[in-house]
Amino acid sequence: MNRTPSPDLQGIISDRDIFIAVVSNIFGVMTLTVPRLIAESTLSSDGWMSVFLGGLIASLCGWIVAKIATSFPNQTFLSYASYLLSKPVAVVMTLIFSIQYIVVTAYNVREIAVLSHQYLFDYTPQEVVSLAFLLVVIYAVCGSQAAIFRLNVLFFPILISGLLIVILLPIGIIQWEGLLPFFQTDFKGYVQSTYYSIVNMLGFGIVLFYIGLVQKPQKTAKLTAIGVMVTMMFNVAIYIVCIGVFGNATIQNMFFPTFDLSRSAEIPGGFFERFDAFLFLFWTIIFFTTAMMAFDIAVMTIRMVFRKFKKINLVLILSPIIFLISMLPETYLDIVYFNKLLGHFMFSYFVIVTLMLGIAFKIKGGKSSG
Amino acid sequence: MRRFFRRPPGRHANTDFQNNESRNQAQYCPHCRHFHSRPIQGQNMQGNNQNANQSTVNNQHVQETQNPSANQQYQGDQNENNQPATNKMINSFHSSGQNHQHAQGQQGGQNDHHHQCTCHQQIGQGQNQNENQNYNAGQNQQSDQNSSSQQSNQNTGGQNNQNSQYQMPLPIYKKVSHNFEFITRILGNPIDLVVRELEIDVSCGHMKERKVQLLLPKSQIELSIAQEKEHEPSSHEQVHQERADDEVSVPCILFYLSGMANSDIINENILRMLQSKSIRTKENLIEQVHKEIISVTDTNKLATLEEAVNALLSGDAILMVDGEMTALEMATAGTEKRALDEPQSESMIRGPRISFIESLDINLTLIRGELRDPNLRFVVHEIGRRSKQKVVVCYVEGLTNPDIVNEVNRRLKTIDIDIAGDSGRIEQWIEDSFLSPFPQVVDTERPDRVIYNLMKGKIAILVDGCPFALMAPISVGDAFLAMEDHSQRWLIGSSMRILRFVAMFIALFLPGLYVALTSYHPGMIPTQLTLSLAATREGGPFPAIVEVLLMAVTFEILQEAGIRLPKIIGQTIGIVGGIVIGDVAVSAGIVGPALVIVTSLTAMSSYTIPNYSFSVSLRILRFLFVIAASILGLYGIILVFIMICIHIVNLKSIGVPYSGAFAPNFLDHMKDLIIRAPVTALRKRPAYLEPLNQHKVNLGGRKQ
């Protein structure tokens, strides 16, 4: 009830905002490419089980991480990590997270250019497309953090409806026999595809940083887990539709199988010859929310360590770095390789952090207030 | 600031001042809102500024500027935004002070103590906090009291304007002739000032000895004083005899400004009563006149000449009685008013057909008349140094969040301009971001819309002399809500509302989409349509972006011309515009026919938005989309869309998020935002305004 027109309102979000942030952050570039990665290591439609399993594991991890974070209400990651571990370890950990999120932002910035190059304009230089996108992200990050969550809420219906269109449109052209036979994949294939599925859903890692902003983190852990589950449902549906429409072998040779879904579907009514360009708008928004939150966390984590930095200055320093990183890979194969490396790193680092925090939390226990 | 001190005495920024000063004794300084009058100060304040000379005053001014804490006395609570305004105020204040000194120097010599602008000294003293040897302790105390009372006033909020801080009480003279002279000189003896001299009969009492003829020459005054002295030693019996004998009459003066005041009331209820009735005793004359004679309900007593002049200027009649230091102010204000009319800018088919007019009283009545809630509050502010307009903040106590009310009141207090003018200027003073294209305070001329929004937990601001009320805080969705949605059944209301949202998107995106689709993504629309579009545009010399901008600008020009032109000629514009846009441009081969459809559809769509200021901002944003589309196609459009969304979520209206109804609580507000749910389902007030009372309807004992 205490409304103050000053910046005090910033940083006070609700549980539901975390849920929405988790969902919007998990959907991203990987949603477009993950059917290919999973199809590579599984046979016919077996991959959906990996997606399902990966989702369950991810939601469990999300629940654990959120539980740890909610034990320290209204504290930054740095403060509770240095309580659980020690100050130097926490600082190093935070800075590695900053680097990770800087790279994630750069990856998103590059990927939008690739996507648009492939589907929207052939001649416009990728640098221009990336730069325009990055500028918009910078504009968003320069605002308040509360505004970022409001933006998530504002885009959430757009995101969900876009995904529903992606899933529902091609349902008419699914060849159901393509889904058969079941259970052909060996164990190794399941493990590998589950790994990719988890990597795809690592976006819930943002709760480590954003839970400090939640006003009353009571149901936050539950909502984080539910958020991961929801994305898992969508991913399973997307995967099944992809396999049904294209078949396993075709998907393995596609860059963005999910995006190609909407190309192959025909829109009733006949006004739009190609609907994919309109879906590109949805994907831009989806990429944008991911990049925005990644950039915001990068700025936030650096400012946890170096408190003297002004937000705007930091953003201005980081933006050229992000742009440079995003332009480093030359060909698309480089980007794919980059993506894989990033995925491996994120996964292993996340596992390390979770284990360390989890063990320390078990030993030391939570602190009720800061 | 020092610049002013070096200014040569002959040059003044204020020319009025210069003209008046040669012949007037008393002057009204518009900058500091004081009366500077030589004889009065000579009489009353003589003891206070014995040692004051120009150099000390200059010193004080310099100290004022150097003392940053002085600002706190002007405004109790400031935020950063208003800092410049305060400085400005101090600036003008100083310059005016300097002007006075020069003026007086010119007039009566530099060392004439009585001519100093004492009010400036007083304020300077209050700010400096230093012991100033030029003043005696009594005055120090007075100024301290002033400043403390100012601060307490600001804390309580309410009827006082910050400008009134500078006022120094200038008491009413006992002699009506002095008052008369003073007022006529302050006002420059205008032709609309009606002065009526009359005499009140006092049936008993020894008034004879105090009787003074109006506008007596000085020698005669002395004579009468001498007569008084003669009478004083007379014996008790003599006085008693006189009292029994004669019926004396006391001179008094009635002032009012014709046109501003209702002369019927003055003639019937004041003048006639004064002439027909008489007073029994001479004791407490003004009290008796007030209680027994004047038959005007709203009658107040005034102690200072400033109040009297201000009351006069707002249309009230002033009665001054000889020998009394209080005057009577009678609320006779009544100018000619426009008749109540239909709303011109927000018409609708079903619903009340009444709109606000330029009179504040009538507007308040329109609100009060529909909302007979004892908790309805009107907080009055006086805004405008010269215009002294009344600005009223309406809200419902116990419903509207008090933080909103306090914030609005605080912002209104920071307004410091000479004339407030239209409510649009007030809006721009109190809005959160002046860079935003979106209105952060919504205006309306419909009383029912104001009441609907008050019931939601918002506040309304009414400005005297303006038929548009302001409502705040608002969110983006508010611009799309028409009052008619609630008059129609919910299905129809919802359809209309969705239609309006669709129209908003068309108005915003269609020209941009046209540019993007024709020049970047022709493959997205059906091949046949692409071919026919290309065929019609084949002869055209311009690229799509130029065509669109050409047509859009043409349309904007037509629209602007249509507003400015008199109604009789206005139809010509319609015909000319219709032909120019519709036919000639196409047949001349400048633009394609498809673009005509796009332009006209866009134009029509932008008119479906019920709020004019919002639809104007959409019209501007449309150009942004067109330009973005010409550079990056669809991708540019979506980027601009995202940017506008970012802007909206960062924007605030009176401290409340502008995306209010959409972003923090989406699902709860869907019921009365995108659609209009059945009235029985609309039980709650919007949560983003944090009203004190959540439920609109009685739940009948059920739990929510």
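The values are calculated or read from the model by the stated rules, or taken from the named source; none is laboratory data. No experiment lies behind these values; they were computed from the predicted model shown. Cβ coordinates were reconstructed from backbone atoms using ideal geometry, including for glycine residues, and neighbour counts include every protein chain displayed. For the accessible areas, the whole protein counts, side chains as well, though only heavy atoms, and no ligand, DNA or RNA atoms are used. Shrake-Rupley method; radii C 1.70, N 1.55, O 1.52, S 1.80 Å.
Filtering B:Arg410, B:Arg386, B:Arg425 for residues that are open to solvent by 30 Å² or more (accessible area, probe 1.4 Å), part of a loop (DSSP other than H, G, I, E, B) and among the basic types (Lys, Arg) leaves a single hit, B:Arg386.
Is the stretch B:322-336 home to any residue that is part of a loop (DSSP other than H, G, I, E, B), open to solvent by less than 20 Å² (accessible area, probe 1.4 Å), in contact with a Phe, Trp or Tyr (Cβ under 9 Å, 6 or more places away or on another chain) and more than 30 Å from B:Thr444 (Cβ to Cβ)? Scanning the stretch B:322-336 turns up at least one residue that is part of a loop (DSSP other than H, G, I, E, B), open to solvent by less than 20 Å² (accessible area, probe 1.4 Å), in contact with a Phe, Trp or Tyr (Cβ under 9 Å, 6 or more places away or on another chain) and more than 30 Å from B:Thr444 (Cβ to Cβ).
Being closer than 16 Å to A:Phe121 by Cα and open to solvent by 10 Å² or more (accessible area, probe 1.4 Å) is the filter; apply it to the stretch A:261-286 and report the residue that is modelled with the highest pLDDT. Within the stretch A:261-286, the match that is modelled with the highest pLDDT is A:Leu281.
For the stretch A:169-190, the criterion of being of a type outside the set (Lys, Arg) and either within 14 Å of chain B (Cβ to nearest Cβ) or more than 24 Å from A:Phe246 (Cβ to Cβ) (or both) is met by at least one residue.
Based on what the data block shows, is A:Met254 among the hydrophobic types (A, V, I, L, M, F, W, C), in contact (Cβ under 8 Å) with a residue 40 or more places away in the chain and not in a helix (DSSP H, G or I)? Judged against the criteria, A:Met254 is a match. Is it the case, given these coordinates, that A:Phe323 is open to solvent by 10 Å² or more (accessible area, probe 1.4 Å), in contact with a Leu (Cβ under 8 Å, 6 or more places away or on another chain) and closer than 22 Å to A:Asn200 by Cα? No, not satisfied.
Once the stretch A:125-148 is narrowed to residues that are hydroxyl-bearing (Ser, Thr, Tyr) and within 7 Å of chain B (Cβ to nearest Cβ), the residue that is least open to solvent (accessible area, probe 1.4 Å) is A:Ser144. Of the residues making up the stretch B:609-654, those that are within 14 Å of chain A (Cβ to nearest Cβ) and surrounded by 19 or more Cβ atoms within 10 Å (Cβ to Cβ) number 25. Taking first residues from the stretch B:390-405 that are farther than 17 Å from B:Ile430 by Cβ and among the hydrophobic types (A, V, I, L, M, F, W, C) and partners that are open to solvent by less than 40 Å² (accessible area, probe 1.4 Å) and modelled with pLDDT of 90 or more, the Cβ contacts under 6 Å between residues at least 6 apart in sequence or on separate chains come to B:Val396/B:Leu376; B:Val396/B:Leu454. Of the helices (runs of 4 or more DSSP H) entirely within the stretch A:30-120, those holding at least 3 residues that are of a type outside the set (Lys, Arg) and open to solvent by 40 Å² or more (accessible area, probe 1.4 Å) occupy A:47-70, A:87-119. Given the condition acidic (Asp, Glu) and open to solvent by less than 30 Å² (accessible area, probe 1.4 Å), answer yes or no: does some residue in the stretch B:524-540 qualify? No: zero hits. The number of residues in the stretch A:150-166 being within 19 Å of the chain's Cα centre (by Cα) and more than 8 Å from chain B (Cβ to nearest Cβ) comes to 9. Please enumerate the residues belonging to the stretch A:311-344 that are more than 21 Å from A:Val128 (Cα to Cα) and out of contact with any helix residue (DSSP H, G or I) (no Cβ under 9 Å at 6 or more places or on another chain). Those that are more than 21 Å from A:Val128 (Cα to Cα) and out of contact with any helix residue (DSSP H, G or I) (no Cβ under 9 Å at 6 or more places or on another chain): A:Asn313, A:Tyr337, A:Leu341.
Residues are listed down the side, and each one gets a yes or a no for (1) free of Cβ contacts under 8 Å to residues at least 40 places away in the same chain; (2) part of a helix (DSSP H, G or I); (3) open to solvent by less than 10 Å² (accessible area, probe 1.4 Å):
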position	(1), (2), (3)
A:Arg150	yes, yes, no
A:Pro181	no, no, no
A:Thr185	no, no, no
A:Gln192	no, yes, no
A:Phe209	no, yes, yes
A:Gly212	no, yes, no
A:Lys216	no, no, no
A:Ala221	no, yes, yes
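Taken together, B:Gly477, B:Gly457, B:Gly512 contain a single residue that is modelled with pLDDT under 90, more than 22 Å from B:Ser345 (Cβ to Cβ) and open to solvent by less than 10 Å² (accessible area, probe 1.4 Å), which is B:Gly457.
Just one residue in the set A:Ile335, A:Ile317, A:Ile321 is in a helix (DSSP H, G or I) and either within 14 Å of chain B (Cβ to nearest Cβ) or free of Cβ contacts under 8 Å to residues at least 12 places away in the same chain (or both); that residue is A:Ile317. Restricted to the stretch B:437-538, the set of helices (runs of 4 or more DSSP H) holding at least 3 residues that are more than 30 Å from B:Arg386 (Cβ to Cβ) and within 14 Å of chain A (Cβ to nearest Cβ) comprises B:490-519, B:527-536.
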